[in-house]
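These notes are about the structure you will find just below.
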Amino acid sequence: MVDKLGVAVIGYGFMGTTHLSAWKYIEECELKAVMGRTLEKVKEVAKKFEVEAYTSLEELLRRKDIDIIDICTPTNTHAKYAITFMEAGKHVFVEKPIALSLKDADEMIRSAKKNRVKFMVGHVLRFFPEYMKIKEIIDRGMIGEPVIARAFRGGPIPEWSPWFLDKSQSGGVAIDLAIHDIDFLMWVFNQRVESVYAKVERLVHKDITAEDYALINLRFENGGIALVEANWALPKQFPFTMKLEIDGTKGMIMSDNQSPVPVKLITNEKVASFAPETLPWRPAVHPFPLDPYYRELKHFVECILEDKTPMTDGEAARNSLEVCLAALKSAELNTPVRLPFKEG
Amino acid sequence: MVNKVRFGFLGTAHFHADSYGRAINQLPDGEVVAVYDDDERLGKEFAQKFNIEYYKSPDDLLKREDIDAVVITAENVKHYHLVVKAAEAGKHILCEKPIAVTVEHADDMIKRAEKAGVKFQTCYVMRYHSASVLVKNLIEDGAIGKVLALVGTNKLNCSLPLLRGWFTRPELSGGGAVMDHTVHLADLIRWYTKSEATEVYTEIGKNINPKIGVEDNFLTTLRMENGAIGHIDGSWSYAAGLYTWGDVTLEIIGTEGVILLDAFRQNIYYVGMESPNDKLTWYYYGCDPDLEMIKSFIECILCDKEPIATGFDGRQGVAITIASYESAKIGRPIKPK
């Protein structure tokens, strides 16, 4: 038996913790370290996951037994961390979006190539069971050629992680949230986006710098069209909702995460819905084979061990970011923006 | 003073002619008495169904003094000259949407109805549906604060426009899905925001059904004068095997909350066991907006009130529709006329 791959996670917020839980169940790997800025908090997390705590990049870099770095920090810091670790010969998994600029994204892609390390971006939607089923149905030709789609993704403003509300860290809803559906639609349409027309605004929350609402119209190169609505402008009680409908020449698919709920808990105080297989932070069964976070990380490990290209590699992630940036530009200029998108 | 409104139908090409006719006869103060259609077969079929007289000429029907009002459910391009004739004959007018295929025609129709002193109501049935009326009341009561964005669907089962061939013949319909299914949502958005569209941008996709000569899917983005964002998907793109005809949904985001409207959601699910392929079907039990709309129109005539959906509302829908086509052609947002 070969040695297990050593893993370190950078960041211990919502996504960092989700990944830490998932890594525990990937048997080819051993979770070894977690890094963050505040020593006290990192120590707390490290204790919970039985790993070592770091606050210094240099110290973590000295660990020779770490092969994989999983970056779950605010988006504006992705490139800096990714490139540092790639230069040190580590395989890098970075949470979506890849970065906030195409310049950063391109440098990350170049660095991964130069250093011959695997690089994957966490477009986890492709690993959600319902979205995998949609992909399968479309690939089997059951809806014919996809022609028109509508995607909805939204919930209350993510106040639990304040950096999302800061445009300079998260890029706002058009980058952080809309990118999920943009990536997925480009994948299942199997098309590049030709042009984008968008409204991106601070709709309800005027006291933050990030936009909380994005309506993005996509036109694909084959003439197909899609609406992507990414919404952080919803009231606090609104359950996090993801819906997708795609109409094609031979049929249509519809998906709505609010309707297939296998478990509901109702008490005098609250009503709660659970879809245990797709909520990794409340797993019903361990290991949780349908958990999308587990599966995306597992896919990355397979790519390392079998020397394959991850399905959400740097290029794919960069192309999705490009559409988001075009959407922001379109909203700013109030005109459709054609791709390829040029920064600056 | 009359206590009953007698209706003549001018054209029956639109599906709704039947349901409007049934609604009129269901009401104690309404009666369908005559029908004109330039398609003799359609006209006679309708006449037989309602046990009324068929006219080969609209003028002959309009000469009848016992007719108080007309329902215009002819093909879209024929609305204009029928409205002109009806106004000249002094008949009240209930006109199917879109009321015209050009803004100029719509303006002229309104002017002529005004001059003749007749009621002119647009068949915007959603203004009369109990669910969308409830939403209007919730908004007026401040339930969600100021309305900021309205994103809706009025999508249609793609098999339906094929049942009556004229829907896909632009010389009769004036266009495809954009012409047919922009106006209901555009009107709800105007009604709920009490504001007019200042900017329209439309993407028309490649067709779901390449065999028809008009577009069958589109996405329209609106900016209203008060700053609100609107979005309309009125595509005829639902698969033919869908359990229902289509939908009217609207997500309305306000400063204090959100309203989700799904107006035709009240259904009983039914499936038979004749064969394994028996498909799930919806049986609707919600509000009948056609009936409510006719009721309101009759009340406007009998009590001399202004319609809830006026000719002007019809005109604004046409203006947004025409701007949609123009914007899709030139590839940028434009202001409706």
Checklist outcome for this item: Per the charge dipole of region A:5-125 (beta-carbon charges, Lys/Arg positive, Asp/Glu negative, Cα centre), the residue among A:111, A:6, A:31 reaching farthest to the positive end is A:111
Checklist outcome for this item: Rounded to the nearest 10 degrees, the helix A:178-189 long axis (Cα) sits at an angle to the longest Cα principal axis of chain A of 70 degrees
Checklist outcome for this item: Applying the gyration tensor rule to the Cα atoms of chain B (axes a ≥ b ≥ c; rounded if a/c under 1.5, else prolate if a/b exceeds b/c, else oblate), the class is rounded
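Per residue of A:218-225, how many C-beta atoms from partner chains lie within 10 Å of its own C-beta, taken as a mean? Let's see the in-between values first.
Working: counts 2, 6, 2, 0, 2, 5, 4, 10.
For peptide A:218-225, the averaged partner shielding equals 4.
Which of B:181, B:81, B:14 has the fewest other C-beta atoms within 10 Å, and how do the rest follow up to the most?
B:81, B:14, B:181
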Item to check | Calculated FRET value between residue A:258 and residue B:225, using beta carbons and R₀ = 30 Å, to 0.05 | outcome: 0.35
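Compute the projected area of the convex hull of the Cα atoms of region B:1-67, averaged over all viewing directions, and report it in nm² to one decimal place. Spell out each step's value before the answer.
Working: hull surface 16.9 nm².
That works out to 4.2 nm², a quarter of the Cα hull's surface.
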Checklist entry - Once the Cα atoms of the protein assembly as shown are picked out, what are the Rg and Dmax in Å? => result 28.8, 99
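Let me check I've understood the local charge: for residue B:109, count other residues with C-beta under 14 angstrom from its C-beta, Lys and Arg +1, Asp and Glu -1. What total comes out?
Result for the neighbourhood of residue B:109: +2.
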Next on the checklist: Only counting other Cβ atoms within 10 Å, I'd like A:125, A:57, B:280 sorted with the fewest neighbours first.
Outcome noted: B:280, A:57, A:125
Checklist entry - How long are the three semi-axes of the equivalent ellipsoid for chain A, computed from the Cα gyration tensor as the root of 5 times each eigenvalue, in whole Å, largest first? => result 31, 24, 21
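Computed FRET efficiency, Cβ-Cβ of residue B:271 and residue A:133, R0 22 Å: what is it to the nearest 0.05? Intermediate results must be reported in sequence, preceding the final value.
Values: r = 22 Å, r/R0 = 1.00.
E(calc), rounded to 0.05, equals 0.50.
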Item to check | Nearest-20 debye value, region B:162-276 charge dipole, Cβ charges on Lys, Arg, Asp, Glu | outcome: 240 debye
Checklist entry - Can you give the charge dipole size of chain A about its Cα centre, rounded to the nearest 20 debye, using +1 on the beta carbon of Lys and Arg and -1 on the beta carbon of Asp and Glu? => result 160 debye
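Considering Cα pairs under 8 angstrom that are at least six residues apart, work out the relative contact order of chain B and quote it in whole percent. Each step should come with its number before you reach the end.
Working: 746 pairs, mean separation 68.1, N = 337.
Rounded, it is 20 percent for chain B.
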Checklist outcome for this item: With label points set 7 Å from each Cα along the Cα-to-Cβ direction at residue B:136 and residue A:41, the distance between them in nm comes to 5.1 nm
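Can you give me the relative contact order of region B:32-119 as a percent, contacts being Cα pairs under 8 Å and 6 or more apart? Working shown, then result.
Values: 118 pairs, mean separation 20.1, N = 88.
RCO, region B:32-119: 23 percent.
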Checklist entry - How far apart, in nm, are two points set 7 Å out from the Cα along the Cα-to-Cβ line at residue B:59 and at residue A:103? => result 7.6 nm
Checklist entry - If packing is taken as the mean number of other Cβ atoms within 10 Å per residue, what is the order of B:60-68, A:246-254, A:314-322, highest first? => result A:314-322, A:246-254, B:60-68
Checklist entry - What per residue convex hull volume, in Å³, do the alpha-carbon atoms of region A:5-125 yield? => result 96 Å³
Checklist entry - Between A:85, A:42, A:55, whose Cα lies farthest towards the positive end of the dipole of region A:5-125 when Lys and Arg beta carbons carry +1 and Asp and Glu beta carbons carry -1, centred on the Cα centre? => result A:85
Checklist entry - Using a Förster distance of 35 Å, how high is the FRET efficiency between residue B:111 and residue B:15, based on the Cβ-Cβ distance and rounded to 0.05? => result 0.75
Item to check | Distance between modelled label sites at residue A:237 and residue A:306, nm, 7 Å Cα→Cβ extension | outcome: 4.8 nm
Checklist entry - Which angle between 0 and 90 degrees, to the nearest 10, do you get for helix A:314-333 versus the longest principal axis of chain A when only C-alpha atoms count? => result 50 degrees
Checklist entry - Any idea which of A:187, A:330, A:260 is furthest toward the positive side of the dipole for chain A, if Lys and Arg beta-carbons carry +1 and Asp and Glu beta-carbons -1? => result A:330
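Counting other C-beta atoms within 10 Å, which of B:327, A:56, B:296, A:195 has the fewest, and how do the rest follow?
Exposure proxy ranking, most exposed first: A:56, B:296, A:195, B:327.
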Next on the checklist: If the only charges are +1 at each Lys and Arg Cβ and -1 at each Asp and Glu Cβ, what is the size of the charge dipole of chain B around the Cα centre, to the nearest 20 debye?
Outcome noted: 400 debye
Item to check | Within 10 Å of each Cβ in A:147-159, the average number of Cβ atoms from other chains | outcome: 3
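Which whole-number percentage describes the relative contact order of region A:5-125, with Cα contacts under 8 Å and a sequence gap of 6 or more?
Numbers: 218 pairs, mean separation 27.6, N = 121.
Over region A:5-125, the number comes to 23 percent.
Based on the alpha-carbon set only, what is the convex hull volume of region B:64-111 divided per residue, in Å³? Numbers along the way, then the final one.
On the way: hull volume 3.1 nm³, N = 48.
It is 64 Å³ per residue.
Values quoted throughout were computed directly from the atomic coordinates according to the rules given, and no laboratory measurement underlies them. Here the structure is a predicted model, which means the values were calculated and not measured. Here Cβ is always computed from backbone atoms with ideal geometry, including for glycine, and neighbour counts include all displayed protein chains.
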